[in-house]
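Enquirer: Here you go, one structure.
Every read-out reported here was derived from the displayed coordinates using simple, explicitly stated rules and does not represent laboratory data. Since this is a predicted model, take the numbers as computed values, not measurements. Cβ coordinates were reconstructed from backbone atoms using ideal geometry, including for glycine residues, and neighbour counts include every protein chain displayed.
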Amino acid sequence: MFPSAVGSKLLMAATGLAILLFVLGHLAGNLQFFGGPDVINTYALHLRDLGPLLWVARLGLLAAFALHLSLAVSLTRRNSLARPEGYAFQTDFPQSSVASRHMWLTGWLILAFVVFHLAHFTFQWTHPEYRELHWKASDGREGHDVYSMIIKGFSQPFLVGLYIVAQVFLWLHLSHAVSSMLQTLGLKNPRNEKLLDLAGPVLATIIFVGYVSIPLAVLLGVVKPIVISSG
Ligand code: HEM
């Protein structure tokens, strides 16, 4: 069974932090796209070279996602048991932000996006033709041409729209989650409260701009496809 409400909140914050670290790391990796095909494809090759370590990280991330979701379910259940009449209207609490009132909705939408994203770029189920994209490094090593996959992916305005909308949900979720996490971890005090309340929106905005820059750069033709040896 799940730990106490306080323990659950702490675990929720810890798993949220693990996911946030992944989101930041993934963004840093993705931004190498702007360095050109050699840079991002070599990065992808290095990730693959991690072998079993990569799988440990993937399983850790999956566990963090699963735990984060189960804890959200159990904490919500606990709260509704403690307050069985529920809230008549969300507007009873005008001081709560749009982001904080829609954590469930944005959480589910982000999960739906991640499932689609894995089917799109990781497993390439939606676009099996991406599997044909190969790249050869100057030292002769070969790997998947992630650069061209991203260019092809974001040459479709519909997909660019979908990714951008998903980043809006991520922005909303993180805007509230990061500040809430800092409070749960006991980092907030009356002196730094205002500053830490800003941390969520600021960090969420940096993440939003970073992720959105990639599909937009492709769609607007800022980054161009490069003909690379295929096969
Ligand atoms: C414009 C935005 C994004 C781009 C261009 C992008 C790009 C990619 C690419 C190319 C891969 C496959 C890497 C490979 O297997 O070679 C990938 C995997 C993945 N992405 Fe993203 N991504 C974006 C946003 C996100 C966001 C916002 C999240 C999470 C909230 C996310 C979560 C993941 C996960 C969980 C994987 C699987 C990682 C693994 O299997 O090791 N991505 N992404």
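Enquirer: Among Ala137, Ala217, Ala199, Ala119, which is the only one that is within 24 Å of Ala72 (Cα to Cα) and either of a type in the set (A, V, I, L, M, F, W, C) or surrounded by fewer than 17 Cβ atoms within 10 Å (Cβ to Cβ) (or both)? Steps first, please.
Expert: Numbers: Ala137 fails: within 24 Å of Ala72 (Cα to Cα); Ala217 fails: within 24 Å of Ala72 (Cα to Cα); Ala119 fails: within 24 Å of Ala72 (Cα to Cα).
Of the residues listed, the single one that is within 24 Å of Ala72 (Cα to Cα) and either of a type in the set (A, V, I, L, M, F, W, C) or surrounded by fewer than 17 Cβ atoms within 10 Å (Cβ to Cβ) (or both) is Ala199.
Enquirer: Looking at region 94-107, which of the residues that are surrounded by 13 or more Cβ atoms within 10 Å (Cβ to Cβ) and not hydroxyl-bearing (Ser, Thr, Tyr) is farthest from Thr42 (Cα to Cα)?
Expert: Selected residue: Arg101.
Enquirer: For the list (1) under 24 Å from Tyr147 (Cα atoms); (2) touching a helix residue (DSSP H, G or I) at 6+ places or on another chain (Cβ under 6 Å), I need the number of the one condition that Arg48 fails.
Expert: (2)
A quick yes/no check of all residues on (1) away from the ligand (no atom under 14 Å from the Cβ); (2) over 14 Å from the mean Cα position of the chain (by Cα); (3) within 22 Å of Leu69 (Cβ to Cβ); (4) in a helix (DSSP H, G or I):
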| site | (1), (2), (3), (4) |
| --- | --- |
| Gly161 | no, yes, no, yes |
| Leu174 | no, no, yes, yes |
| Asp197 | yes, yes, no, yes |
| Ile206 | no, no, no, yes |
| Tyr211 | no, no, yes, yes |
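Enquirer: Okay, moving on. Evaluate region 38-47: report whether one residue or more is of a type in the set (Gly, Ala, Ser) and within 8 Å of the ligand (Cβ to nearest atom).
Expert: As a first pass, look at region 38-47 and keep what is of a type in the set (Gly, Ala, Ser): 44.
Checking the rest, the ones that are also within 8 Å of the ligand (Cβ to nearest atom) come to 44.
Looking through region 38-47, at least one residue is of a type in the set (Gly, Ala, Ser) and within 8 Å of the ligand (Cβ to nearest atom).
Enquirer: Please go through region 132-157 and pick out each residue that is farther than 24 Å from Leu216 by Cβ and in a strand (DSSP E or B).
Expert: First, the residues of region 132-157 that are farther than 24 Å from Leu216 by Cβ: 132, 134, 136-143.
His134, Lys136, Glu142, Gly143, listed by residue number.
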